[in-house]
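Take a look at the structure below.
The values are calculated or read from the model by the stated rules, or taken from the named source; none is laboratory data. Worth saying up front: this structure is predicted, and the values here are computed from it rather than measured. Cβ placement follows ideal geometry from the backbone for every residue including glycine, while neighbour counts extend to all protein chains displayed. For the accessible areas, the whole protein counts, side chains as well, though only heavy atoms, and no ligand, DNA or RNA atoms are used. Shrake-Rupley method; radii C 1.70, N 1.55, O 1.52, S 1.80 Å.
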Amino acid sequence: MAYDPQARAFIPTPPFCVNREIIGCNWIAPEDGAPCRSCAMTAVYPDTSNPETRANWAQTEAAKRWVLDNLGRWHWFRPEDRGTPPYFHMLDDGPTPAAMGHVNGVVTISVAEADPVLRTTRREALDEPYRTMIGHFRHEIAHMLWWRLSLRTDFLEAFRSVFGDERADYAAALQRHYNYGPPDDWSQTYLTTYASAHPHEDWAETAAHLLHLTDIADSAISAGLILPGIPQTGWDAYAEADTMSLIRTAIKVVTIINHANRSMGLDDVYPFVVSHGAQKKLAFVHEWLRRGALGR
């Protein structure tokens, strides 16, 4: 069996991805001996002779496939998307950590952070409430999506009216953020402290959170969770046009899961507060991402 992201179903005895035996890729390939659509987007990969690195890369690619499949629900990076797809540089840490980021369609990810101990250490050092490989992909691909959308004539003016002018000096803004921290009232209009650093980071954090909330709601309904105030089985979170309805559903779900986690002494699965100011930004991102790569 392997997963067909176009059909969104597992099918028997297809052409398997060439990386199936190397990193456990479970997507289909266009033909025998070829990479799947996700693996084909990886332009640089780490040295697989090290078993630990290979295991970290496998987990990193699994997170990438998950996020790409989510975005495919809105037609991003599928065959019908005629725009530039992202390309990925999967790097292992050297003497210094590999810097994650996005530049002109290339997303760089440190596979070393698939290691839970290293990831937790960095999360604690940076005082972050949430840090996962899926979170990294959602954030960095969000930068790439902004780049794609910025090529449209109707996007930038609308973006600046909500997020501010992204032409502000990025390096200076980050330096100011790391030196002085976020403004005292950051939680009224931002989802995270990092989002307050610059409009680019505000967009990336907001888009990542929209993907978090949409997929949380979708996963809960798909698993058959039935509770008062939560849509019944058959509701499609990715087809929901009302952002506030989507957010309300997701928040109800995460409140339940957060309490369940606390009963086991675990961290909240979604340790964030979605303020009214942040909801406006989520609605903006939702509108543009739902239009999808086809611009509908």
Those residues of segment 96-119 which are part of a helix (DSSP H, G or I) and open to solvent by 60 Å² or more (accessible area, probe 1.4 Å), in sequence order: P116, V117
Restricting the search to segment 123-157, which residues are without any contact (Cβ under 8 Å) to a residue 24 or more places away in the chain and in contact with an Asp or Glu (Cβ under 9 Å, 6 or more places away or on another chain)? R131, S150, L156
Number of positions in segment 258-274 that are surrounded by 16 or more Cβ atoms within 10 Å (Cβ to Cβ) and hydroxyl-bearing (S, T, Y): 1
Would you confirm whether or not segment 181-203 contains a residue that is touching a Leu at 6+ places or on another chain (Cβ under 6 Å) and either hydroxyl-bearing (S, T, Y) or at pLDDT 95 or above (or both)? yes
Here is a list: D165, D154. Which entry is modelled with pLDDT under 95, surrounded by fewer than 18 Cβ atoms within 10 Å (Cβ to Cβ), outside any helix (DSSP H, G or I) and not hydrophobic (A, V, I, L, M, F, W, C)? D154
For segment 223-246, which positions are in a helix (DSSP H, G or I), among the small types (G, A, S) and open to solvent by 40 Å² or more (accessible area, probe 1.4 Å)? A239
So how many residues does segment 168-183 have that are open to solvent by less than 80 Å² (accessible area, probe 1.4 Å) and assigned to a helix (DSSP H, G or I)? 5
Inside segment 6-35, can you point out the residues that are within 20 Å of the chain's Cα centre (by Cα) and surrounded by 18 or more Cβ atoms within 10 Å (Cβ to Cβ)? C25, W27
Taking R291 as the residue in question, decide whether it is under 22 Å from the mean Cα position of the chain (by Cα), open to solvent by 30 Å² or more (accessible area, probe 1.4 Å) and of a type in the set (D, E, K, R). yes
I'd like to verify a number: residues in segment 42-95 that are buried (at least 17 other Cβ atoms within 10 Å of the Cβ), of a type in the set (A, V, I, L, M, F, W, C) and in a helix (DSSP H, G or I), how many? 7
Near pairs, Cβ below 9 angstrom, 6+ apart or cross-chain, from segment 158-174 (within 12 Å of W146 (Cβ to Cβ) and in contact (Cβ under 8 Å) with a residue 24 or more places away in the chain) to any residue that is of a type in the set (S, T, Y) and surrounded by 10 or more Cβ atoms within 10 Å (Cβ to Cβ): F159/S150; F163/T206; E166/S150
For segment 184-193, check the following and say yes or no: at least one residue is open to solvent by less than 40 Å² (accessible area, probe 1.4 Å) and touching a Gly at 6+ places or on another chain (Cβ under 7 Å). no
Here are A241, A197, A223, A204: which of them is within 18 Å of V274 (Cβ to Cβ) and of a type in the set (G, A, S)? A204
